[in-house]
1. How many nm separate the modelled label positions at B:GLU447 and B:ASP264, each set 7 Å beyond the Cα in the direction of the Cβ?
2. Going by how many other Cβ atoms sit within 10 Å of their own, how do B:HIS353, B:HIS317 line up, fewest first?
3. So for B:LEU385, A:LEU62, B:LEU21, B:LEU363, fewest C-beta neighbours within 10 Å to most, what's the order?
4. Using a simple charge model, +1 on the beta-carbon of Lys and Arg, -1 on the beta-carbon of Asp and Glu, nothing else, what dipole does the protein assembly as shown show about its Cα centre, in debye to the nearest 20?
5. Which whole number gives the average count of other chain Cβ atoms within 10 Å of the Cβ atoms across peptide B:105-112?
6. Among B:ASP132, B:ASP417, what is the fewest-to-most ranking by other Cβ atoms within 10 Å?
7. Determine the dipole magnitude for region B:432-549: charges of +1 sit on the beta-carbon of Lys and Arg, -1 on that of Asp and Glu, nothing else is charged, the reference point is the Cα centre, and the result goes in debye to the nearest 20.
8. So what is the relative contact order for chain B, in percent, with contacts set as C-alpha pairs under 8 Å and at least six apart?
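FYI, it's all coordinate maths here, none of it is from the lab. Nothing here was measured: the structure is a model prediction, and the numbers come from that model. When we count neighbours, we look across all protein chains shown, and the Cβ atoms used for this are built from the backbone with ideal geometry, even at glycine.
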Amino acid sequence: MAEKRIRVLVAKPGLDGHDRGAKVVARALRDAGFEVIYTGIRLTPEQIVETALQEDVNVVALSLLSGAHNTLFPEVTKLLKAKGLNDVLVVGGGVIPDADIPGLKEAGIADIYTPGTPTSKIIEFIKGNVK
Amino acid sequence: MANEKILEGLKAYNAAVEKTLAKSPERTNLEVNRLYTPLDIEGFDYETNLGFPGSYPFTRGVQPTMYRGRFWTMRMYAGFATAAESNKRYRLLLERGGSGLSCAFDLPTQIGYDSDDPIAEGEVGKVGVAIDSLEDMEVLFDQIPLGKVSTSMTINAPAAILLAMYIAVAEKQGVPASQLNGTIQNDILKEYSSRGTYIFPPAPSMRLITNIFEYCSQNVPRWNSISISGYHIREAGATAAQEIAFTIADGIAYVEAALKAGMDIDDFAGSLSFFWNAHNNVLEEVAKFRASRRVWSKLMKERFGAKKPKSQMLRVHTQTAGSMLTAQQPDNNVVRVALQTAAAVMGGTQSLHTNSKDEALALPSEASVTVALRTQQIVAEESGLADVVDPLGGSYYVEALTDKIEAECWDYIKKIDDLGGAPVAIEKGYIQREIQESAYKWQMQVEKGERVIVGVNKYVDKKEVPPKDLLRVDASVGEGQKKRLAALRAKRDNAAVDAALDALEEGAKDEKVNLMPLILTAVKAYATEGEICKRLRKVFGEYKAISTL
């Protein structure tokens, strides 16, 4: 039986419009065989979680360069839990200072990707950690 | 040497190269020829291709003497946290020899929300300064003489409001609008294609822009009423040729909109300015700057019939490429910025902002922004690059590359014309897809090692030393702004605010009304930016991006 394809939601929470990274990652994930849904920019955490639920995704990949990650990323994981989406793997990327990474991981973001990360690293991590 | 002799020499050279290659092969994936000779610029005519600096087609620069008379304006893009904090940074930069200001606004300000709007949570003061009302603007420019300093404001969707605030602050300082010098970005089309800080749909956005053109031509004549921006298009992943092609296509759309609104080309073309990126490939960038001037002057003269030389010249502000800075080994970014600065200067920019080495990690600290400014001063004063006008003019390589980029640019302009112009091309997702394609290609080249980025995919340090002293914007900034807003709403004349907002809303419904005076009245009554945008949203609606992925 063919294995179910991994479904990934690539999402940009908040007001940040820089979506080069998100689009490159979305395309690389698609080329790697994932099913990818890209939300576009300017989504609230509520909208992202709602889409994750509707689309029945395995992974939510968040991208943010504006510095609001400490507010918005944990809000997404909190809302996912509240909806009972405990099996969804959440990863994040963007301009994120090293000092913020431990806090974000504690809040349930499984991995954080800063500028210069090859897309292959993201692909491997998702393959190895998706529930 | 006649061409036949060069050809003969070239044959001999190529034969010798074959022998060399057999012994030691070259690097692969090089996109340019090995060598450039006069044969690569066949048909090159000094008068039509170059001319003299300060005259058509302006390839060699827009002023006759360029930097021998005056250096470019050294502007450091700054703004973070509160107006008071940013004001301190502006004064520091001016004190250290910066010659103009460049204001960065936070995302809520850029998208027309007040700091106390729930949607602004976490974003207040982060990527720029939070400006909610004229009160914040007064603090931002406190003790900065607006009659002497030139200010560039990176604001687009709500550009009319921020410009109105600037005019109002100047008036309070006793400086009439006619003396104000500076630029508002005011380029909405690239927001839809590349950057994402749009508010309204294209049609009302274009109206606001032409309202500003008209108001400035009558009241703020020294102001650049738009900075048509390729910077963000490049940052989004475009190539050098795509950067100028898509931007110039946007420029054509603005010109057409203004002509349609009944303006005369020579009344506003001189206040159009451009904004280029400066990447690492120095000579390609120089060629890009030169090609862009040639394309624009031809368009203005031949297509739009502009007669004044100022209407035909492409004047440009440049920023070094943020996306080329690495989070790894951030000290190396000082070198990258220096090369990008050299490219912008040899390309003949009118104004330049250099990025700081820590910008791939955080907002620039005071120390790092000073190094970035000093980089410009070293290039200006020590390198010799500013001593000669268009120092690379006549280089076989640079001229061939200028021609090549110009040709690619015309191809794109034709394609976009055929689609119905830039707004339609954006609506169809054409420009977005072209940019995405280039961004993806670039990323794959980096991942395969075909394109080297030092510290990222080659010469990687096993153990990175994390940089110290990164600037952090405290979460309390948002709380502080909320309190300021509450206090403002309690003390201002709310009846006057409501009356001004009602008048604005009515004006917005009539396409013939120029909204600038109405916005100015609202701003002076201390209506907030969010309140003004809310009324405009009510009439204009909001833009929803199309999916291009």
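1. Those two pseudo-labels are separated by 5.7 nm.
2. Ordered from fewest to most neighbouring Cβ atoms within 10 Å, B:HIS353, B:HIS317 come out as B:HIS317, B:HIS353.
3. Values: B:LEU385 17, A:LEU62 28, B:LEU21 11, B:LEU363 24.
Sorted ascending by nearby Cβ count, the order is B:LEU21, B:LEU385, B:LEU363, A:LEU62.
4. Working: 80 positive and 87 negative charges, 122 e Å.
For the protein assembly as shown, the charge dipole is close to 580 debye.
5. 2
6. On the way: B:ASP132 27, B:ASP417 14.
By the 10 Å Cβ count, ascending, the order reads B:ASP417, B:ASP132.
7. That gives region B:432-549 a dipole magnitude of about 380 debye.
8. For chain B, the relative contact order is 19 percent.
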